[in-house]
Amino acid sequence: MDKLIDDLIKLAFAEDIGDGDHTTLCCIPETAMGKSQLIIKENGVLAGVEIARRIFQDFDPTLKMTVFIPDGSEVKKGDIAFVVEGKIQSLLQTERLMLNVMQRMSGIATTTRKYAKALEGTKTHVLDTRKTTPGMRMLEKEAVRIGGGMNHRIGLFDMILLKDNHVDFAGGIEQAITRAKNYLKEKGKNLKIEIEVRNLDELEQVLRIGGVDRIMLDNFDIDNTKEAVRRINGRYEVESSGGITFDTLRDYAECGVDFISVGALTHSVKSLDMSFKAC
């Protein structure tokens with residue numbers, strides 16, 4: 001994770017600065033010193049403070065950051081999250097990358113907190129998905145954790161998830177599960193196996209075959225979800241996915257599922273408004 005974040009920061013600076021921030025270089029002396037503060041402009045959950053620290057330090061280790069509000073805190077309009085002191089040239093050149101990251105992460109954390117609170121009192125956890133911004137996945141998934149959600153999987157490498165296309169291309173549920181188990185044994189890997197089912201008939205096939213850790217109920221309505229949970233009867237973890245909105249979230253949780261995966265946590269959130277101003 002650390003290397004991916006370092007690579008992202010380097011790429012982002014290369015993308016933004018190119019052969020130099022000529023606006024800053026032409027009007028700000030290299031020796032000029034100053035400080036800027038991060039001002040919160042709307043209520044939400046703060047995320048990305050520690051990533052911001054890395055951005056400042058990677059660009060200019062002499063920058064000094066004083067944090068007043070840590071990651072995961074609920075913030076309101078007008079709050080000052082932190083102050084950074086040092087070379088004004090460095091403050092100006094790091095401003096946009098820091099804001100892009102923090103606004104995006106805070107928007108995700110704010111949305112996730114809303115979903116997590118809606119699930120309070122149930123055993124259900126809200127999960128993210130792989131519907132993330134290319135290159136930003138580690139930061140977006142960290143924002144989900146900060147907001148109170150859980151990560152489903154980081155990528156294609158840390159879990160086997162047999163979705164409908166895998167099942168269809170493999171020739172059926174039994175073939176897909178059998179091949180997955182054989183593959184793990186041959187490769188000496190210890191990964192969880194999850195399988196997606198599209199209806200109660202497919203669920204019955206999985207229950208007959210076994211050999212998985214989690215069953216994903218894809219686009220099940222409430223009644224079928226209740227029936228599926230009853231049939232599974234605690235033998236496997238149960239995840240609901242597909243077509244679930246914030247308004248129906250609690251209804252699915254009360255069916256007794258362990259997880260609800262929500263792509264909207266990362267693919268369509270609104271960034272939290274904030275600014276970085278001289279002080």
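The values are calculated or read from the model by the stated rules, or taken from the named source; none is laboratory data. In this text, all values refer to a predicted model and were calculated from it rather than measured experimentally. Heads up, the Cβs are rebuilt from the backbone with ideal geometry, glycines too, and the neighbour counts pull from every protein chain shown. With ligands, DNA and RNA removed, areas are computed over all heavy atoms of the protein, side chains included. Shrake-Rupley method; radii C 1.70, N 1.55, O 1.52, S 1.80 Å.
Overview of values
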item	result
Complete set of residues in region 109-122 that are open to solvent by less than 30 Å² (accessible area, probe 1.4 Å), in contact (Cβ under 8 Å) with a residue 40 or more places away in the chain and either within 17 Å of residue 141 (Cβ to Cβ) or not in a helix (DSSP H, G or I) (or both)	109, 112, 115, 119
Scope region 253-279; condition in a loop (DSSP other than H, G, I, E, B) and among the charged types (D, E, K, R); matching residues	254, 258, 270, 273
Residue 241, sole failed condition from (1) of a type in the set (S, T, N, Q); (2) open to solvent by 20 Å² or more (accessible area, probe 1.4 Å); (3) without any contact (Cβ under 8 Å) to a residue 40 or more places away in the chain	(3)
The one condition in (1) exposed (fewer than 15 other Cβ atoms within 10 Å of the Cβ); (2) at pLDDT 95 or above that residue 44 fails to fulfil	(1)
Selection status of residue 235, under 30 Å from residue 109 (Cβ atoms), among the charged types (D, E, K, R), without any contact (Cβ under 8 Å) to a residue 60 or more places away in the chain and assigned to a loop (DSSP other than H, G, I, E, B)	no
Test for residue 230: is it open to solvent by 60 Å² or more (accessible area, probe 1.4 Å), in contact (Cβ under 8 Å) with a residue 60 or more places away in the chain and either assigned to a helix (DSSP H, G or I) or farther than 25 Å from residue 172 by Cα (or both)	no
Filter pass, residue 260 being open to solvent by less than 30 Å² (accessible area, probe 1.4 Å), closer than 22 Å to residue 107 by Cβ and in contact with a strand residue (DSSP E or B) (Cβ under 6 Å, 6 or more places away or on another chain)	yes
Any hit, region 94-108, residues being outside any loop (DSSP other than H, G, I, E, B), open to solvent by 20 Å² or more (accessible area, probe 1.4 Å) and under 28 Å from residue 193 (Cβ atoms)	no
Test: residue in region 123-134 that is open to solvent by less than 40 Å² (accessible area, probe 1.4 Å), more than 26 Å from residue 248 (Cα to Cα) and in a loop (DSSP other than H, G, I, E, B)	no
Matching residues in region 52-85 - criterion: being under 19 Å from residue 147 (Cα atoms) and either of a type in the set (Gly, Ala, Ser) or open to solvent by less than 20 Å² (accessible area, probe 1.4 Å) (or both)	52, 72, 73, 75, 81
Sole residue being outside any helix (DSSP H, G or I), over 19 Å from residue 142 (Cβ atoms), out of contact with any helix residue (DSSP H, G or I) (no Cβ under 7 Å at 6 or more places or on another chain) and in contact (Cβ under 8 Å) with a residue 24 or more places away in the chain, chosen from 20, 78	78
